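Working notes, beginning with the structure itself.
Taken together, the values in this text are just the output of simple stated rules run on the coordinates, not laboratory data. The model shown is predicted, which means the values in this text are computed figures rather than measured ones. Positions of Cβ are backbone-derived with ideal geometry, glycine not excepted, and every protein chain shown enters the neighbour counts.
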Amino acid sequence: MTKPNFIIMYADDLGYGDLGCYGSDYIQTPNLDALAAQGVRFTDWYSNSSVCSPSRASLLTGRYPKNTGIIHILGSKRGTTGLGADQKTIASVLKENGYKTGLFGKWHLGVSKENGPNAHGFDEFFGFLGGCVDYYSHIYYWGQGSGVNPVHDLWENDQEVWNNGEYLTETIAHRASQFIQKNSDDPFFLYVPFNAPHYPMHAPQKYLDQYAHLPADRQIMAAMITAMDDGIGEIVKALKDTNQFDNTVIFFSSDNGPSTESRNYLDGTEDLYYGGTAGIFRGHKASLFEGGIREPAILSYPSKINQGKIIHEVGVMMDVFPTFLEIAGIALPENHPIDGKSVWKMMTEDEASPHSSVYWEYDGQLAVRKGDWKLVLDGKLDFQRKQADPIHLANLKNDPGERVNVADRYPKLTEELKQEVQEWFASSIVKEERELGSGPSSHY
């Protein structure tokens, strides 16, 4: 049997409610909607973190952020260290088993060469190493007020390249499509982490014209997301043109929820706000409430799953690693403990989630989901705004938006969940964190 191909397409700061198949009534995402309609759409899929670097570390390694050494947003200055050489990635394991591997887009797991994509199993890399860049000049502008100078950040493997004037979302899709065409005779793993719709808020005029009827804040966000969706359509077309679509597993999701950072604002006020929407969920990027960590997630594998399914069981980014390996018939690597669980049977045999509990920690917050219950300790709504209740308990079946705190009604359950997540946190503290830079938002 021909080995299956694998593709991960990852959005950046996309909200749960920002796709047509997840309820958006004004953003057009026909290509993602089509993948969901004939594949699997998850309603209860989570990131392992509410910010980008830890989320990406978990996705690629199959481990909780604490166990990857990446628990905060990494800096973007040249020389910034990141994901350690001791960390196995999906790319490195698949490469060891005969797969061609490529990454086109955002890395954000270390800027230094020894922590870059080529050091973690990717044969080919084109994209940027830091947290964000200008979509047209590919320059990292942020943080000048703290002594951080603008720096160009676009690379072909370890060589700096210049593609001035090219809209990066489109370039990422073009390069990913070329990789597919070039590797039509070999099994491959392709990682396509788009930077859309992360700030800066840039989109080609044709997409702005498509949404000319919308207010300025919604117009630019919708334009950026539709540009990404068109890029995904181009990648799918490359698969179909090379007769590889049916035998390719495609997973799409986002690193965390929508941002309320100042650079998502049109004029510095909340009256003109570019940010996406988390739908019914409370919280944003940097929050451990659902809006910060529950993500849209779609899986397509036409030769095995050929009709639309909606799955309400819990899945997490760290599950992608073991799921892909099970599909490929590859054993989990030795001496690399995996926290994730394969969700293949959850998709194909309607089994329950393999997780009895899932845990999170970020910036002083802790959270646990166990069944329908979700406990958040010292929760924030975004990078700045504190949640009033230091302990917040919600039943997600009855209150998916976490609007009602029922901790006082269930004191025994609250205490049990609090103890459980605190014990998990204490048992998984990493002694050495590879993180440079101090702030979770302003400069990164």
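Computed values, structure above
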| item | result |
| --- | --- |
| Antiparallel content of DSSP bridges confined to the chain, in %, to 5 | 55 percent |
| Cβ-based exposure ranking for Arg294, Arg56, Arg78, in which fewest neighbours within 10 Å come first | Arg78, Arg294, Arg56 |
| Inter-part distance where region 183-225 and region 241-261 are each reduced to a Cα centre, Å | 13 Å |
| Relative contact order (%) - region 357-427, alpha-carbon pairs under 8 angstrom, separation at least six | 24 percent |
| Gain in span if fully extended, Asp378 to Ser184, counting 0.36 nm per residue against the direct Cα distance | 64.9 nm |
| Amide H contacts under 5 Å for Tyr46, placed H, 5+ residues apart | Glu295, Gly315, Val316, Met317 |
| Mean Cα-pair separation over length for region 68-124, i.e. relative contact order, pairs under 8 Å, 6 or more apart, % | 42 percent |
| Gyration tensor (Cα) of region 54-173, equivalent ellipsoid semi-axes in angstrom | 24, 18, 11 |
| Computed over region 303-404: relative contact order in percent, which uses C-alpha pairs under 8 Å that are six or more apart | 15 percent |
| Computed E for Tyr26/Ile139 - FRET, C-beta separation, R0 30 angstrom, nearest 0.05 | 0.45 |
| Region 357-427, Rg to Rh (Cα coordinates; Rh as Kirkwood inverse mean 1/r) | 0.93 |
| Alpha-carbon centroids, region 39-82 and region 379-425: separation in whole Å | 23 Å |
| Estimated 222 nm signal from helices in the chain, with DSSP H stretches of n ≥ 4 weighted -39500 (n - 2.57), rounded to 500 | -7500 deg cm²/dmol |
| By average C-beta atoms within 10 angstrom, highest first, the peptides 97-104, 393-400 | 97-104, 393-400 |
| Region 341-400: GluC sites (Glu not before Pro) in DSSP coil with no more than 12 other Cβ atoms inside 10 Å | Glu349, Glu351 |
| Within straight-line cross-link reach of Lys418, lysines at Cα separation under 21 Å, skipping those fewer than 8 residues along the same chain | Lys66, Lys370, Lys374, Lys380, Lys386, Lys397 |
| Distribution of pairwise C-alpha distances over the chain, 10 Å bins, in % | 5, 23, 35, 27, 10, 1, 0 |
